[in-house]
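Worksheet: the structure to be examined is printed underneath.
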Amino acid sequence: MLEKFPDAPLRRDETGLTGAQWSIAVPMSGVRDVAKAFGSAGFFLESITALDFEDTFELVYHFNCYEPKSRLAARVLCGHDQVPPSICDIFRGAAWLEREVHDFFGISFSGNSDMRPLLLPEDADYHPLRKTFGKVSAYHKREEIYG
């Protein structure tokens, strides 16, 4: 199935610390294609989260299936001012996961018509997992961490 994405850097996660066996870098324009490919291959969407770097967000989609050692992380760079496409029409559960990412990081998803707060109060005007929330001394660019 990964042969459908010949230009996407695929790397094996040797550490196993994340539980993902493979990690694939996906451009934002390819998120929906990747989601459709994994959905048709029998994978389910396990989670969506984000990492906040000084210069960008990194969205992380975890896909899994019921085969051993099949967990895969799709990593998508998303600028602080960009709006990634929603995959809630491909994986219905993604609607809630995208709302959670919106709550905590302030990332909106185009195509998700329900961006109401999921866990935070309705009147919350903050995103607690952003590095700009409160005092953070370890706010780095992505390259400084990953090289």
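What to note about this one:
- Order of Glu100, Glu54, Glu67 under a 10 Å beta carbon neighbour criterion, fewest first: Glu67, Glu54, Glu100
- Listed by chain and number, the aspartates and glutamates placed with their C-alpha closer than 13 angstrom to that of Lys36 are Asp89; residues fewer than eight positions away on the same chain are left out.
- Dipole of the range 2-129, positive direction: furthest Cα of Gly111, Ile48, Phe38, with charges on the beta-carbon: Phe38
- Straight-line cross-link partners of Lys131 among the aspartates and glutamates, defined as a Cα under 18 Å from its Cα and at least 8 positions apart when in the same chain: Asp52, Glu54, Asp55, Glu58, Asp81, Glu100, Asp103, Glu143, Glu144.
- Net charge in the neighbourhood of Thr56 (other residues with Cβ under 9 Å of its Cβ; Lys, Arg +1, Asp, Glu -1) is -2.
- When +1 charges are put on Lys and Arg Cβ atoms and -1 charges on Asp and Glu Cβ atoms, the dipole computed for the range 2-129 relative to its Cα centre reaches about 640 debye.
- Applied to the range 97-109, the Karplus parametrisation 6.51 cos²θ - 1.76 cosθ + 1.60 on θ = phi - 60° returns per-residue 3J(HN,Hα) values of 5, 5, 5, 5, 4, 5, 3, 8, 10, x, 8, 8, 10 Hz, with x for Gly and Pro.
- Once the mean of 1/r is taken over each pair of separate Cα atoms and inverted, the range 35-137 shows a Kirkwood hydrodynamic radius of 14.4 Å.
Values quoted throughout were computed directly from the atomic coordinates according to the rules given, and no laboratory measurement underlies them. As the structure is a computational prediction, the values presented were derived from the model and not from experiment. All Cβ positions, even for glycine, are placed from backbone atoms using ideal geometry, and neighbour counts span all protein chains on display.
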